[in-house]
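What follows is a short report on a single structure.
The values are calculated or read from the model by the stated rules, or taken from the named source; none is laboratory data. What you see is a predicted model; the values in this text were computed from it and never measured. All Cβ positions, glycine included, derive from the backbone under ideal geometry; neighbour counts span all protein chains shown. Protein only, heavy atoms only, side chains kept; ligands, DNA and RNA dropped before computing areas. Shrake-Rupley method; radii C 1.70, N 1.55, O 1.52, S 1.80 Å.
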Amino acid sequence: MALVVQKYGGTSMGTIERIRNVAKRVIKTYDAGNDMVVIVSAMSGETNKLVALANEVTEFPDNREYDVLVASGEQVSIALLAMCLKSMGYKAKSYHGWQIPIITDNVFSKARIEEIDDKKVRADLKEGTIIIVAGFQGVDREGNVTTLGRGGSDTSAVAMAAALKADVCEIYTDVDGVYTTDPNICTDARKIEKVSYDEMLEMASLGAKVLQIRSVEFAKKYNVDIHVRSSFNDNPGTMVTKEDKDMEAVLVSGIAYDKNEAKIAVMRVPDKPGIAAKILSPLSEANISVDMIVQNVSEDSFTDFTFTVTKADFKKALAITKESAKEVEAKDVMTDENISKISIVGVGMRSHAGVATKMFETLAKEGINIQMISTSEIKVSVVVDAKYTELAVRVLHDAFGLAGAAA
Ligand code: ADP
Ligand code: ASP
Ligand code: MG
């Protein structure tokens, strides 16, 4: 008998019929003699609707109330799945994050899980109850409801698996696994059988939303193997696991894209020490993460300071930056929301030269202009005009020989 943690995403929970399908899958594993903890997302589209409602009320919704609102999507789906299982004759019980409790820090809308109490869950499992837990939500130490950032149910699932020392952690979604690139924009994309934590971390942080980045961080830290697979068939999916020797033989394992960033440029700042800190500190104080940064110095000792933030943080970041721009005597603040970040990822890059050059040449051949570049040991990212996203992904996918028959 094993302890199995399964997570079902929004599309898998999208209709009552699909929730019934989830219930049948859960029952199949339970009937095989396993203990079951099931984490679910809100029905597809629901979280977006809630976010839109908040934005209708005010441009800058209150952080605490925003989390109370968006956490409600998962409340609906845990109840529906538990009801469904009970109507099929099984013992099931739904839990909000705070009822477990899943304790987080107090950073609303991007809270981090700090601790999970397993007492209630263990007691229920002993009774043979199937536990249904709301993904995406937690509670801070003052009792406020928090949420873990978009896509956060993946992190709830991996954190539960780590806390319970589960034997299996399965993430059920609407594609068969992790692909060489998003299968919804590149029909040649190939399913990857096995991917290392580090590669998956890069792919997730660079826009492959199939797993939330923090879920992979958790998996790596606590050594949880994640099996990403489809809730619509029984095909084996992708194992996200420790790096092994075979993985290094592949130069580039995947291409990721992210249309979810926007660019802010502080123009013509007198080039003095401390400029970067003056512009970036107020942003980090507001819990806004900056991704790519470029600073150019012109011959006349003025500098342009350009960076990207997520679209969700954009309005707030712009308001803050306009204030700092006055302080550093910048000439202007310019913005561009029509950008896309394209990245190539692979542990094989550590031991092979010329990968970045090949990427730049491939994009140049298509007339795609590169606006920003950043690199790490195992990835190269570029920012381009958003209208080139699909084209850039496809030509890079071809150039690095990623297409092929499904694994
Ligand atoms: P869920 O609702 O199950 O959490 P998501 O929509 O968050 O599902 O994630 C699954 C989606 O991730 C897929 O439908 C696909 O469009 C997208 N995706 C992006 N990059 C990849 C990739 N490299 N491999 C698989 N899916 C990807
Ligand atoms: N429902 C949340 C979202 O749409 C969390 C998740 O689906 O993982 O972001
Ligand atoms: Mg998701």
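Some values worked out for this structure:
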{"read-out": "Helices (runs of 4 or more DSSP H) wholly inside region 190-274 containing at least 3 residues that are open to solvent by less than 40 Å² (accessible area, probe 1.4 Å), within 12 Å of ligand 1 (Cβ to nearest atom) and in contact with a Leu (Cβ under 9 Å, 6 or more places away or on another chain)", "value": "197-205"}
{"read-out": "Any chance Ala157 is modelled with pLDDT of 95 or more, within 16 Å of ligand 3 (Cβ to nearest atom), within 25 Å of Ala2 (Cβ to Cβ) and crowded, with 17+ Cβ neighbours inside 10 Å", "value": "yes"}
{"read-out": "Test for Ile132: is it in contact with a Ser or Thr (Cβ under 6 Å, 6 or more places away or on another chain), more than 16 Å from ligand 3 (Cβ to nearest atom), among the aliphatic types (A, V, I, L, M) and part of a strand (DSSP E or B)", "value": "yes"}
{"read-out": "Every residue from region 348-405 that is open to solvent by 70 Å² or more (accessible area, probe 1.4 Å) and acidic (Asp, Glu)", "value": "Glu361, Glu366, Glu377, Asp398"}
{"read-out": "When residues of region 141-154 are limited to those that are closer than 15 Å to Trp98 by Cβ and open to solvent by less than 10 Å² (accessible area, probe 1.4 Å), the one farthest from ligand 1 (Cβ to nearest atom)", "value": "Thr146"}
{"read-out": "Qualifying residue in region 116-123 (condition: of a type in the set (Val, Ile, Thr), over 28 Å from Gly237 (Cβ atoms) and surrounded by fewer than 24 Cβ atoms within 10 Å (Cβ to Cβ))", "value": "no"}
{"read-out": "Index of the failed condition, Cys84 passing every other in (1) in contact with a strand residue (DSSP E or B) (Cβ under 7 Å, 6 or more places away or on another chain); (2) among the hydrophobic types (A, V, I, L, M, F, W, C); (3) more than 16 Å from ligand 2 (Cβ to nearest atom)", "value": "(1)"}
{"read-out": "Only listed residue being farther than 26 Å from Val384 by Cα and polar (S, T, N, Q), chosen from Thr303, Thr241, Thr321", "value": "Thr241"}
{"read-out": "Within region 46-56, considering residues that are at pLDDT 95 or above and open to solvent by 40 Å² or more (accessible area, probe 1.4 Å), the one farthest from ligand 1 (Cβ to nearest atom)", "value": "Glu56"}
{"read-out": "Cβ-Cβ under 9 Å pairs, at least 6 apart or on other chains, region 45-58 side touching a residue at least 60 places away in the same chain (Cβ under 8 Å), far side open to solvent by less than 90 Å² (accessible area, probe 1.4 Å)", "value": "Thr47/Gly10; Thr47/Ser41; Thr47/Val70; Thr47/Gly73; Thr47/Glu74; Thr47/Phe136"}
{"read-out": "Residue within region 101-108 that is modelled with pLDDT of 95 or more, exposed (fewer than 15 other Cβ atoms within 10 Å of the Cβ), out of contact with any Cys (no Cβ under 7 Å at 6 or more places or on another chain) and in a helix (DSSP H, G or I) present", "value": "no"}
{"read-out": "Pairs where the first residue, in region 201-217, is small (Gly, Ala, Ser) and the second is within 12 Å of ligand 3 (Cβ to nearest atom) and open to solvent by 50 Å² or more (accessible area, probe 1.4 Å), C-beta under 8 Å, 6+ apart", "value": "Ala204/Ile213; Ser205/Ile213"}
{"read-out": "Meets criteria (open to solvent by 40 Å² or more (accessible area, probe 1.4 Å), away from ligand 2 (no atom under 16 Å from the Cβ) and modelled with pLDDT of 95 or more) for Glu59", "value": "no"}
{"read-out": "Check on Gly177, near ligand 1 (Cβ under 8 Å from one of its atoms) and in contact (Cβ under 8 Å) with a residue 40 or more places away in the chain", "value": "yes"}
{"read-out": "Qualifying positions in region 161-174 - surrounded by fewer than 20 Cβ atoms within 10 Å (Cβ to Cβ) and within 16 Å of ligand 3 (Cβ to nearest atom)", "value": "Asp174"}
